[in-house]
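Okay, so here's the structure we're looking at.
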Amino acid sequence: MSRWFALALLGVSQFVMVLDSTVMNVSISTVAADLGTDISGMQAAITFYALTMAAFMLTGGKLGDRWGRVTAFRVGAIVYGLGSLATALSPNLTVLLLGWSLVEGLGAVLVIPAIAALAAASYTGRDRVVAFSALGAITGVAAAAGPLIGGLVTTYSSWRYVFVAETVIMIVVLLLSGRLHDAPAQRGVRIDPLSVVLSAGGMALLVFGVLQSKVWGWVVPLDPPRIGDTVIAPFGISPVAYLLLAAVVVLWAFVNRQRRLESTGRAPLLKVSMLAIPALRSGLTLFMAQYFAIAALFFVVPVYLQTILGDDALETGLKILPLSAGLIVFSIVGSKLATVHSARHIARLGQIALAAGLLFIVVAVQPTLAGGLFAVGMFVVGAGFGLLASQLGNVNMSAVSTEDTSEVGGLQGTFQNLGSSFGTAIVGSVFILLLTSGFTTAIQNSDDLPDDVRQQITAETSTGAPIVSRQQAEDAVLAAGADADVAASVAQTYVDTQVTALRQSLFFVFALSVIALLLSRGLPATIAPQPDAAPDTPAGSAATDAAPADRVPPTGAGSGTTRSKSRPGRRPHRPS
């Protein structure tokens, strides 16, 4: 049992990191009410939590190399625990943004890369494959369990107790972390401050621009910011377009900076040359696509269920339960399939299942979001996520040598959280924009409403239709002086528009999931080493690409790729 102690401790930490965001999603309306904010405020909190991790994950990985992974893990556990405690005690949205979105996020950027690096340092050969597969499965289980745990605790007690429990768990993890095996700290590792600024700044501009699109508009200004009486929309173009352009420029400068540092022998924040490895490049982009889809689904569906239909957190968790079941079952199935099928084969099955499940959900969207087809769709989405989760972590870590696992852990966390922040920000914004435009158009085209009512509603929703229930919409129209029949007509139009906007938003996610099928070409097309493989088999052996033209010959420790020559004592890979 002591052999797997490190994996157990790292697995518990991984579980907490993943559980955190899914709990917040399923409790979104309750948390918003407790803190005196609205759905847009919660969307910002969820997005900025993922953004903090995406922006600083690479830096967290480098700090782990410099301090030692166990030290980084311990510091991260302390920071994360303090953030969880602040979140549990939050009296308003501002404190939540500081405690959860910022402090917890900064703790996670130290813990997550350290988990990957410590797993690689603690295990070799087949044990390492088992360890990374287990961590992938734990990720899936946490994502699946989050909605149900959050629903139960929020409905029968308070969402705050989830974060109290996280604080306690991180204290226990901290006390037991002395038994973790660590590689020596690399005191000579230097962190380039300009790289940190460019990386964090570029990602912040990108995600903030996307988040504000629902208010400011993408290109045509909707409700742009003002300074006094001056509208900030240069040349009649929304500030969002300028933010996105600035983000591209800053991130381009970041990549160029990393190339210069690497070419001159200085330590880059990111070894850009590693992205030339086909398996790593495909694994990371699929990670982002996978978490984009799940984050989008976990945002718009709970918002619809709770804010519009009035379901509580437990009812929301139960409707998401089929996804959780599919995720858990197929995380295990995916790990078993890895002995007879290649990672590329299994990941493609997962991508197809994810897309098919989303299509089922699109077809099943009705005002109540109930019925067998919706449940089947959620289960199939979970199955796809589970198959992907069982493969991608090991593919990414196996693509490089052991000394680069901390950096890849940071990269993996960056792409995962970029996907999560984009999924919440983009699809949440698309949902609100579709709801606003659809509702406004329906009101303007209605022959049942008086002209003055149409003009008043159009003016009040010109900067964004609020996300409310049918009864709340009807009450608002009555309060504006309309009669009962008019109010009922407006409310019905609003409900019809909500259903259409939800269906269109989810179809957008489905379309992107289909496009993501093109990203899996670089995944390993050979079967991972079997249990009789030599215990010192290099991690990179599992990342050999099937197409010789795609292989990157070894260029040093950072490349992590291997040629497909047979070696004594090693079973040749079988083509899938």
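The values are calculated or read from the model by the stated rules, or taken from the named source; none is laboratory data. As the structure is a prediction and not an experimental result, all values here were calculated from the model. Quick reminder, even Gly has a Cβ in these numbers, built from the backbone with ideal geometry, and neighbours come from all protein chains shown.
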>> From the list G178, G236, G228, G217, exactly one residue is closer than 30 Å to L7 by Cα and either in contact with a His (Cβ under 9 Å, 6 or more places away or on another chain) or not aliphatic (A, V, I, L, M) (or both). Which is it?
In response: G178
> So which residues in region 471-500 are surrounded by 15 or more Cβ atoms within 10 Å (Cβ to Cβ), without any contact (Cβ under 8 Å) to a residue 60 or more places away in the chain and of a type outside the set (S, T, N, Q), if there are any at all?
Replying inline: A473, E474, A476, V477, L478, A482, V486, A487, A488, V490, A491, Y494
> Only one residue in S195, S238 is crowded, with 18+ Cβ neighbours inside 10 Å, over 30 Å from D65 (Cβ atoms), of a type in the set (S, T, Y) and at pLDDT 85 or above. Which one?
Replying inline: S238
>> Quick check on region 136-157. Is at least one of its residues out of contact with any helix residue (DSSP H, G or I) (no Cβ under 7 Å at 6 or more places or on another chain) and farther than 27 Å from V408 by Cα?
In response: yes
>> Kindly evaluate L118 against the criterion of being closer than 26 Å to A204 by Cβ and touching a helix residue (DSSP H, G or I) at 6+ places or on another chain (Cβ under 7 Å).
In response: no
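Yes/no matrix, rows are residues, columns are (1) surrounded by fewer than 24 Cβ atoms within 10 Å (Cβ to Cβ); (2) without any contact (Cβ under 8 Å) to a residue 24 or more places away in the chain; (3) within 20 Å of the chain's Cα centre (by Cα); (4) part of a helix (DSSP H, G or I):
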residue	(1), (2), (3), (4)
T37	yes, no, no, no
M57	no, no, yes, yes
G61	no, no, yes, yes
D65	no, no, no, yes
> For region 348-370, how many residues are among the aliphatic types (A, V, I, L, M), surrounded by fewer than 24 Cβ atoms within 10 Å (Cβ to Cβ) and either touching a Pro at 6+ places or on another chain (Cβ under 6 Å) or closer than 29 Å to G283 by Cα (or both)?
Replying inline: 7
>> So if I check each of V215, V219, which one is under 26 Å from P466 (Cβ atoms) and either of a type outside the set (V, I, T) or surrounded by 18 or more Cβ atoms within 10 Å (Cβ to Cβ) (or both)?
In response: V215
> Which one of the conditions (1) touching a helix residue (DSSP H, G or I) at 6+ places or on another chain (Cβ under 8 Å); (2) at pLDDT below 85 does S84 fail to meet, given that it meets all the rest?
Replying inline: (2)
> Residues of region 272-319 being among the small types (G, A, S) and closer than 19 Å to R503 by Cβ, which ones?
Replying inline: A293, A295, A296
> Of these, L269, L309, L261, L314, which one is farther than 30 Å from F385 by Cβ and over 20 Å from the mean Cα position of the chain (by Cα)?
Replying inline: L261
>> Take G178 and tell me if it is buried (at least 19 other Cβ atoms within 10 Å of the Cβ) and over 21 Å from M53 (Cα atoms).
In response: no
> Residues of region 302-323 being within 20 Å of Q351 (Cα to Cα) and surrounded by 24 or more Cβ atoms within 10 Å (Cβ to Cβ), which ones?
Replying inline: I320, L323
> Restricting region 328-347 to residues that are surrounded by 18 or more Cβ atoms within 10 Å (Cβ to Cβ), among the aliphatic types (A, V, I, L, M) and more than 23 Å from the chain's Cα centre (by Cα), which is nearest to R281 (Cα to Cα)?
Replying inline: A338
>> I'd like to know if region 215-228 contains one or more residues that are modelled with pLDDT under 90, assigned to a helix (DSSP H, G or I) and under 30 Å from S342 (Cα atoms).
In response: no
